[in-house]
1. Given the conditions (1) at pLDDT below 75; (2) exposed (fewer than 10 other Cβ atoms within 10 Å of the Cβ), and given that Met93 satisfies all but one, which numbered condition is not satisfied?
2. Quick one: count up the residues across the stretch 42-57 that are part of a helix (DSSP H, G or I) and either farther than 13 Å from Arg80 by Cα or of a type in the set (A, V, I, L, M) (or both).
3. Failed condition for Ser98, given (1) modelled with pLDDT of 90 or more; (2) surrounded by 10 or more Cβ atoms within 10 Å (Cβ to Cβ); (3) assigned to a helix (DSSP H, G or I), with all others met?
4. State the number of residues belonging to the stretch 58-67 that are among the acidic types (Asp, Glu) and part of a helix (DSSP H, G or I).
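The values are calculated or read from the model by the stated rules, or taken from the named source; none is laboratory data. All values derive from a computational prediction rather than experimental measurement. Heads up, the Cβs are rebuilt from the backbone with ideal geometry, glycines too, and the neighbour counts pull from every protein chain shown.
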Amino acid sequence: MSCFGSNTHRPSLQPAHFDQALTNLQRWDFPSKQNPAHKNSALVARVRELWEKNTSQKDMLRQLNEEGFDIKERELMRVRAKNRWLLRVANGMKGAISDDTDAVMRELERGIMVSVMQADL
């Protein structure tokens, strides 16, 4: 047993004036620090349009910012994840991988053509 009696009273983690400060902030119409992008219907609709066109994350972010939407990469990823609008290739590297795929296909075609030509001889 402590010198203050029983342990039934626990001090609050927040100062007594904290609740009053929150009330004043709401009364004075201070903007919230959190303004989730997924609540902006125009932004969400535009992200869906870009996703349907298979636009990469990098290009999507650039286009949205050029169109006046104030969104960061992480927020864009959250909007897409929340709506399950996943990209085929992670991290916006779609262009680099498709270039590699095209190069591999050309090499395969060349190899097949060489094999056909040698078989004819």
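1. Tallying (1) at pLDDT below 75; (2) exposed (fewer than 10 other Cβ atoms within 10 Å of the Cβ), Met93 fails exactly one: (2).
2. Total satisfying the criteria: 6.
3. With respect to (1) modelled with pLDDT of 90 or more; (2) surrounded by 10 or more Cβ atoms within 10 Å (Cβ to Cβ); (3) assigned to a helix (DSSP H, G or I), Ser98 is out only on (1).
4. Residues flagged as among the acidic types (Asp, Glu) and part of a helix (DSSP H, G or I) within the stretch 58-67 amount to 2.
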